[in-house]
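Here the structure comes first, spelled out in structure tokens, and everything after it is commentary.
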Amino acid sequence: MTKTYKLLFVGEPGAGKTTCVAAVSDIPPLTTDVGCTDELADLKETTTVALDYGELDLGPQGRLLLYGLPGQARFRYMFDVVREGLLGIVVLVDATCERAATNLRETLQTYAGELRSTPCVLALNKHPDPPASLQQQCQALLTEHGLVAPVISVDARKREDVVRIFELLFLLLEHGTDGPQDDEEIAWL
């Protein structure tokens, strides 16, 4: 039987969850985007209302299932759908957004319990060189929520940047964080 592993992307609307899944998925991603009807319509045309889904073939080692979930509390129930077998979580932040820290706070409040027990990486997206002040705010928010996670800058449109996130997450797994234990080492891309 083929092993399956799961990786989750969470974050505010427009942070890049759908883009990350699409950047590495071997299948056309399944999305649940609908037209924005609230204040988000000023920022983007559509938003994810349930989840994004993609798959990455790991050859003889199995498949990596990729999920993108909204960061807002009203969608929190979707985490329970993807919880079993979850290897890690990527928290995405739109580093170009004026409300980046406020939006991150909402995502952390929504998922803090899960982030404490699962290896995670915080990825600042959409800005090639995010301001040091934003990085400091992100670290402070992680600390405020009792979380320890590396903070990196990525361009979610670039497969190599998303792969770098994977590598960092699996380095965390390899060095004994609280993720699922498996004697089999996974070879990545």
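The values are calculated or read from the model by the stated rules, or taken from the named source; none is laboratory data. The structure displayed is predicted, hence computed values, not measured ones. Ideal geometry is used to build each Cβ from the backbone, glycine not excepted, and the neighbour counts take in all protein chains shown.
Go through segment 63-120 and count every residue that is surrounded by fewer than 24 Cβ atoms within 10 Å (Cβ to Cβ), of a type in the set (A, V, I, L, M, F, W, C) and in a strand (DSSP E or B). So the answer is 4.
Every residue in segment 1-40 that is at pLDDT below 85, assigned to a helix (DSSP H, G or I) and charged (D, E, K, R), please.
Of everything in segment 1-40, just one residue is at pLDDT below 85, assigned to a helix (DSSP H, G or I) and charged (D, E, K, R), namely 39.
Residues in segment 41-60 that are surrounded by 16 or more Cβ atoms within 10 Å (Cβ to Cβ) and at pLDDT 85 or above: 51, 52, 53, 54, 55, 56, 58.
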